[in-house]
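Asker: Below: one structure in structure tokens.
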Amino acid sequence: MSTGQTGPNTVIEDGDVYMTTLTDPPRESFRLSMLIYDTRYRSITIQVIALLAFLAMCVWLITNTLTNLESRDLELGLAFFSEPAGYDINQRLIEYDSQDTHLRAAFVGILNTLLVAFLGCITATVLGVVIGVLRLSKNWLVARLMTVYVEMFRNVPVLLWIVFALAIISETLPQPRDFRGEDAIASMNLFDSIAITARGFYIPEALFTRSLGDIHLFGDSSMRFDISLDLLAFLAVLFAGLFTSKLIKKRADAIQEATGARPTTWWQRILVVAGPVLILLFALGFYLGMPELKGFNFSGGTFMRNSLIALWLALSLYTAAFIAENVRAGILAVSKGQSEAAAALGLSSGRTMSLVVLPQALRIIIPPLISQYLNITKNSSLAIAVGYMDLTGTLMGITQNQTGKALETVLLGMMIYLMVSLSISAAMNWYNESVKLKER
Amino acid sequence: MSDKISFVRTEMLEQKAPPASTTGFVGWARANLFNGIGNSVLTLLSIYCVYYVLSGLIPWLVSPTWKAESLTQCREMIAAAGKHGHLACWGVVRERFIQLLFGFYPPEGYWRVILALVIVGAGLAPVLFDKAPRKLLIVTALFPFIVPFLLWGGLIWPYVGVLLGFVVGYFVLKYAADALGDLLALIAGVVSAFVWWIFLSGPIMGAIGSVLPIGLEFVESRSFGGLMLALTIGLTAILGSLPLGIVLALGRQSDLLIVKALCVGFIEFIRGVPLITLLFVASTLLNIFLPPSMEFDIIVRVIIMVTLFSAAYMAEVVRGGLAALPKGQYEAADALGLDYWKAQRLIIMPQALKISIPGIVSTFIGVFKDTTLVSVIGLLDPLGLSNAIRADQAWNGIVWELYGLIGVLFFVFCFSMSRYSMYLERKLQTGHK
């Protein structure tokens, strides 16, 4: 590498210029060509050029945008957010009506996106782990069936599965009117608590006779948000119970380490978790609000629209195929010596799996699992194909069409998706760090 | 102890046949299907599942409705055949299959699409299979120009103009290298190619075109559709995303801070948003971002966005391959005195790409599957067409046949891609196992 060292050789090569200063290494004068040929400067040159090109592109795009907006008589701005939306959203987590603002509609959309992503992540993980383990089963038939499942779902587009799921629900399931009359064609499931209809699923809702009420956050603004105090109390008691149960386990572990005998704790642990929760539910007067057929439709209970069910089902089944492959790869990556060592210690095959193989496989599974969760979140934007009103359907769909603010809505929607993605990956990476093998 | 031996066997007993329960099908079934209660339950459950699915599916598939011309006719034919229940209506497949393949492309131009597909196949063959004749590499170099000409048509000269730009750039690079040195020659080559494209190509090719109007009938993008549209978008994005992804991955691994920051920003941004939002950008925003003189056609805009999208994912896959490569390989390349690009080309990339083959191919499969999303912005890919077909009075109410057919079409392509990746992995396997 030609660095700044100017020994006698270079001096002689450079000829008469430096002839007189042989003894004293000359100070190299800066030439323009060194920007390209000298590795000391070349990287800076390249970076400056890259930066300038990037800035030039930004300026070019912005000026284009501004001139185009001017020529089309469009104005930039988020003022449309405070105008009434004027459209209905049929599946929502918080109260909303068509008189509410576009901002409120977008908020409902975000919550709907998060809802389906959350539900999808849970079911896809459960299904994926089961299928991945079963695919490694020694049972020939089961292993083949799971291979067929994985290949079938991985090689067909998710959008096709989503519209297919909606078609299954709305074409094959009974209409609410089929539940009517003495000789009804359809009947409700699970002791008359769940009604599965082509319009959607009606499930029982949790109600309280002595409810604690709600906290109203953000007053009357578009972001107003109610949190049920009953839910908060329930969660608080549940987590306190789980924490106590963990303490009991810790104590049992300590006793086992010290004496070799493990005290029986399972009933204590169930009691500290379930007891307070049951007492709380009783104190609040908990009961289930069942869906009931009234006229031509059901009322009461919680209604999950067919579009939500279809999206949830398709996303879970599709992503489960990918998660199954990750789980399988993770289990196969745990070296055979580990399970052999466990067998040599006399562990049963079930305990080998849960105590030796899975904890090690988990470390390999988690990073790809993160990206599958992100995929579910991003694929939930396909809701627009079945009419589930998520962020894409509200902000980037109807709001965009009604206000004509394509630039603002699409860019804002992308930013929100980006933030959600980044937070999910941050949370999961944090979890990954905590279970990662601690090395020196 | 007496040392008298009363009996010693002098010849071996004949081997007995293994018990009947451990050989043949019974033995196999006992070992693989019914070893233990849990497994037996699982087996019976699976058999029931298979039976349930097949007993529903097979009668549905066997349906005497191939000649029907509408859904009502289908129902009449099923009733006439004395069958009950819900059966498939295959008439829609017979009538609309060609449309699902070609969309609304003019029928007299179908040969162009087929020829384009053949040329793409011939161009990809030497890249995909090392047994294919090497001379096909000429097709590989030329098909990016021939195929758009075949698909869109119009005069041949603009396509020749684009091709000549590369030729000009190449020759400048080749002959200026002695005079200017590698780097300046590269810059000169790129600049001269752009000068050709921006200032010279248009007028010169226009002039030739007015004298020699050779060309095919122009086909509007609006008439593209069906599987052909999915393949056009998918293949272009696949072919474009690999080089772009490699460049982005190298940028992300680079020591140059600003270059790295730009690449990381781009990759993370694209990977953080759903493809559908990028398609919204393509359909509504790209015209706002670009000057009015640069209006692209919607399919080109979609192709650009899908390519950028898959390039970001490709970059992460390639980066995984780069990271998995032992550091010794990089140091060995340095020790041999190779410069950055030579080291990448000769040492790093061949190994890194080999490691990342499974990831690369699953990204390809993902891109191809994601082409169905264009139906959301109103392009008529197979899924979009299925809605259009249902809008027809005759076929209103047809669901399963169309979805099933589209699913099978996609499955065939994606499954063969994944099998190819397995073949490639085996072929390139150099380690000892």
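Asker: Quick check on the range B:29-44: of everything there that is touching a helix residue (DSSP H, G or I) at 6+ places or on another chain (Cβ under 7 Å) and farther than 14 Å from A:Leu145 by Cβ, which residue is least open to solvent (accessible area, probe 1.4 Å)?
Answerer: Across the range B:29-44, the extreme among qualifying residues is B:Phe34.
Asker: Before we move on, is B:Ser254 more than 14 Å from every other protein chain (Cβ to nearest Cβ), farther than 30 Å from B:Ile406 by Cα and among the hydroxyl-bearing types (Ser, Thr, Tyr)?
Answerer: Spelling it out, it is not the case that B:Ser254 is more than 14 Å from every other protein chain (Cβ to nearest Cβ), farther than 30 Å from B:Ile406 by Cα and among the hydroxyl-bearing types (Ser, Thr, Tyr).
Asker: Any residue that is within 14 Å of another protein chain (Cβ to nearest Cβ) and either among the small types (Gly, Ala, Ser) or touching an Asp or Glu at 6+ places or on another chain (Cβ under 6 Å) (or both) - is there at least one of those in the range A:190-211?
Answerer: yes
Asker: Can you pull out every residue in the range A:355-388 that is within 11 Å of another protein chain (Cβ to nearest Cβ) and without any contact (Cβ under 8 Å) to a residue 60 or more places away in the chain?
Answerer: Result: A:Pro368, A:Ser371, A:Leu374, A:Asn375, A:Lys378, A:Ile384.
Asker: Take the range A:33-47 and flag every residue that is open to solvent by 70 Å² or more (accessible area, probe 1.4 Å), modelled with pLDDT of 75 or more and within 11 Å of chain B (Cβ to nearest Cβ).
Answerer: Once the filter is applied, which keeps residues that are open to solvent by 70 Å² or more (accessible area, probe 1.4 Å), modelled with pLDDT of 75 or more and within 11 Å of chain B (Cβ to nearest Cβ), the range A:33-47 yields A:Arg42, A:Ile44, A:Ile46.
Asker: Failed condition for A:Lys438, given (1) farther than 26 Å from A:Ala106 by Cβ; (2) part of a loop (DSSP other than H, G, I, E, B); (3) at pLDDT 90 or above, with all others met?
Answerer: Going through (1) farther than 26 Å from A:Ala106 by Cβ; (2) part of a loop (DSSP other than H, G, I, E, B); (3) at pLDDT 90 or above one by one, A:Lys438 breaks only (3).
Asker: Moving on to the next point. Looking only at residues in the range A:92-123 that are open to solvent by less than 20 Å² (accessible area, probe 1.4 Å) and under 18 Å from A:Ile162 (Cα atoms), which one is nearest to the chain's Cα centre (by Cα)?
Answerer: So, considering only residues that are open to solvent by less than 20 Å² (accessible area, probe 1.4 Å) and under 18 Å from A:Ile162 (Cα atoms), the one nearest to the chain's Cα centre (by Cα) is A:Ala117.
Asker: OK, next. Given the residues A:Ser421, A:Ser339, A:Ser380, which is the only one that is surrounded by fewer than 20 Cβ atoms within 10 Å (Cβ to Cβ) and part of a helix (DSSP H, G or I)? Quick ask: steps written out before the conclusion?
Answerer: Working: A:Ser421 fails: surrounded by fewer than 20 Cβ atoms within 10 Å (Cβ to Cβ); A:Ser380 fails: surrounded by fewer than 20 Cβ atoms within 10 Å (Cβ to Cβ).
Only one candidate qualifies: A:Ser339.
Asker: Also, quick follow-up: Of the numbered conditions (1) in contact (Cβ under 8 Å) with a residue 60 or more places away in the chain; (2) farther than 24 Å from A:Lys378 by Cβ; (3) among the polar types (S, T, N, Q), A:Asn139 fails exactly one; give the number of that condition.
Answerer: (1)
Asker: On to the next question. Can you name the condition, by its number, that A:Ile185 falls short on among (1) surrounded by 13 or more Cβ atoms within 10 Å (Cβ to Cβ); (2) at pLDDT below 90; (3) of a type in the set (A, V, I, L, M)?
Answerer: All conditions pass for A:Ile185, except number (1).
Asker: Out of all the residues in the range B:381-426, which are basic (Lys, Arg) and loosely packed, with under 12 Cβ neighbours inside 10 Å?
Answerer: Pass one, the range B:381-426, residues basic (Lys, Arg): B:390, B:419, B:426.
Of everything in the range B:381-426, those that are basic (Lys, Arg) and loosely packed, with under 12 Cβ neighbours inside 10 Å turn out to be B:Arg419, B:Arg426.
Asker: Given the criterion more than 11 Å from chain A (Cβ to nearest Cβ) and open to solvent by less than 20 Å² (accessible area, probe 1.4 Å), identify the matching residue among B:Ala343, B:Ala335.
Answerer: Result: B:Ala343 is the single residue among B:Ala343, B:Ala335 that is more than 11 Å from chain A (Cβ to nearest Cβ) and open to solvent by less than 20 Å² (accessible area, probe 1.4 Å).
Asker: Moving to a separate point now. I'd like the full set of residues that are hydroxyl-bearing (Ser, Thr, Tyr) and in contact with a Pro (Cβ under 9 Å, 6 or more places away or on another chain), limited to the range A:281-317. Give the steps one after another, and end with the answer.
Answerer: Of the range A:281-317, the ones hydroxyl-bearing (Ser, Thr, Tyr) are A:287, A:299, A:302, A:307, A:316.
Of everything in the range A:281-317, those that are hydroxyl-bearing (Ser, Thr, Tyr) and in contact with a Pro (Cβ under 9 Å, 6 or more places away or on another chain) turn out to be A:Ser299, A:Thr302.
Asker: Determine which member of the set A:Val142, A:Val156, A:Val163 is crowded, with 20+ Cβ neighbours inside 10 Å, in a loop (DSSP other than H, G, I, E, B), within 14 Å of chain B (Cβ to nearest Cβ) and among the β-branched types (Val, Ile, Thr).
Answerer: One residue alone meets the criteria, A:Val156.
Asker: Within the range A:268-314, work out how many residues are out of contact with any strand residue (DSSP E or B) (no Cβ under 9 Å at 6 or more places or on another chain), within 21 Å of A:Leu115 (Cβ to Cβ) and modelled with pLDDT under 85.
Answerer: The number of residues fulfilling the criteria is 0.
Asker: Would a scan of the range B:209-217 turn up a residue that is under 29 Å from the mean Cα position of the chain (by Cα) and either touching a residue at least 12 places away in the same chain (Cβ under 8 Å) or under 30 Å from A:Gly413 (Cα atoms) (or both)?
Answerer: Yes, the range B:209-217 contains at least one residue that is under 29 Å from the mean Cα position of the chain (by Cα) and either touching a residue at least 12 places away in the same chain (Cβ under 8 Å) or under 30 Å from A:Gly413 (Cα atoms) (or both).
Asker: Any idea how many residues of the range B:257-282 are within 9 Å of chain A (Cβ to nearest Cβ) and either part of a helix (DSSP H, G or I) or surrounded by fewer than 17 Cβ atoms within 10 Å (Cβ to Cβ) (or both)?
Answerer: The qualifying residues number 14.
Asker: Something else: From the list A:Asp226, A:Asp183, which residue is assigned to a strand (DSSP E or B), farther than 30 Å from A:Val272 by Cβ and either within 14 Å of chain B (Cβ to nearest Cβ) or not aromatic (Phe, Trp, Tyr) (or both)?
Answerer: One residue alone meets the criteria, A:Asp226.
Asker: Taking the conditions exactly as written (under 24 Å from A:Val272 (Cβ atoms) and assigned to a loop (DSSP other than H, G, I, E, B)), does A:Leu212 satisfy them or not?
Answerer: Answer is yes for this residue.
Asker: Which is in a helix (DSSP H, G or I) and not β-branched (Val, Ile, Thr), of A:Gly393, A:Gly346?
Answerer: A:Gly393
The values are calculated or read from the model by the stated rules, or taken from the named source; none is laboratory data. Since the structure is predicted, the reported quantities are computational estimates derived from the model, not experimental observations. Ideal geometry is used to build each Cβ from the backbone, glycine not excepted, and the neighbour counts take in all protein chains shown. For the accessible areas, the whole protein counts, side chains as well, though only heavy atoms, and no ligand, DNA or RNA atoms are used. Shrake-Rupley method; radii C 1.70, N 1.55, O 1.52, S 1.80 Å.
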